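Please treat every number below as a calculation from the coordinates, not as lab data. The structure presented is a predicted model; accordingly, all values stated were derived computationally and were not measured. All Cβ positions, glycine included, derive from the backbone under ideal geometry; neighbour counts span all protein chains shown.
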Amino acid sequence: MIDDELTYKIIGCAMKVHNTLGPGFQEVIYQRCLAIELNKSGLSFTREQDHKIYYEGTEVGTRRADFVVENEVIIEIKALTNLEDVHIAQAKNYVIAYDFPRGLLINFGAKSLQNKRLFNPKYQD
C-alpha cells in the first residue's frame with residue numbers, strides 16, 4: 001500500500017479533531033469539526049456530495065459521500081466504539097462505486113482514532 005501526502009494530511013486533521021474532542025460525540029459533530037480542520041489546512045473538499053450508484057449500467061440509487069477531498073479521496077466517517085469488517089467493506093465499495101482512486105475510513109468513536117486507507121484496484125499498478 002502506498003502512503004501519500006494528501007491522505008497523510010487528512011489523517012492529521014482527523015487526529016487534531018480526535019485529540020481535541022475525544023470519543024463520545026455523534027458523527028455529525030466530528031464531520032463539522034473535520035471540515036474546519038480541512039479548511040484550515042487549505043484542502044478543497046465537499047461534504048455530503050451525492051453520487052449515483054449503477055448496476056449493470058442502470059442507475060439504482062444515490063449515496064452521499066461524507067467528504068470528497070481535492071476531488072481525489074473519498075472519506076467515510078464513523079463514530080463507533082470499534083470498526084468492524086462490514087464498515088471497511090462498505091467504505092471500500094464506495095471507493096469503487098464512486099470511481100475514486102483511494103479513500104479513507106475514519107472512526108472517531110474509539111478511544112484512539114482509527115483510520116483505514118482504501119484503494120480502488122482499478123487504479124493500482
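In region 1-65, the inverse of the mean reciprocal separation of distinct Cα atoms equals 13.9 Å; this is its Kirkwood hydrodynamic radius.
With a cut-off of at most 12 other beta carbons within 10 Å, and DSSP calling the residue loop, which GluC sites (Glu not before Pro) in region 1-76 qualify? Please list them. Spell out each step's value before the answer.
Values: sites: E5, E27, E37, E48, E56, E59, E70, E72, E76; in loops: E56, E70, E72.
In loop regions of region 1-76 (DSSP not H, G, I, E or B), the sparsely surrounded GluC sites (Glu not before Pro) are E56, E70.
If the only charges are +1 at each Lys and Arg Cβ and -1 at each Asp and Glu Cβ, what is the size of the charge dipole of the chain around the Cα centre, to the nearest 20 debye? It works out to roughly 400 debye.
So, R0 is 22 Å and r is the distance between the beta-carbons of E70 and N19; what FRET efficiency does that work out to, to 0.05? The computed FRET efficiency comes out at 0.40. Taking label positions 7 Å along the Cα-Cβ direction at both R63 and D50, the computed distance is 1.7 nm, reported to one decimal. Stretching N82 away from E27 to a fully extended chain increases their span by 18.4 nm, per 0.36 nm per residue minus the current alpha-carbon distance. Pairs of Cα atoms in region 85-125 fall into 5 Å distance bins, from 0 up to the last occupied one, in shares of 6, 25, 28, 21, 11, 7, 2, 0 percent. Using Cα-only point scatterers and the Debye equation, what is log10 of I(q)/I(0) for region 34-106 at each q in 0.15, 0.17, 0.22 Å⁻¹, rounded to two decimals? Those come out to -0.53, -0.66, -1.02, one per q. With the convex hull of its Cα atoms as the shape, the chain has an orientation-averaged projected area of 7.8 nm².
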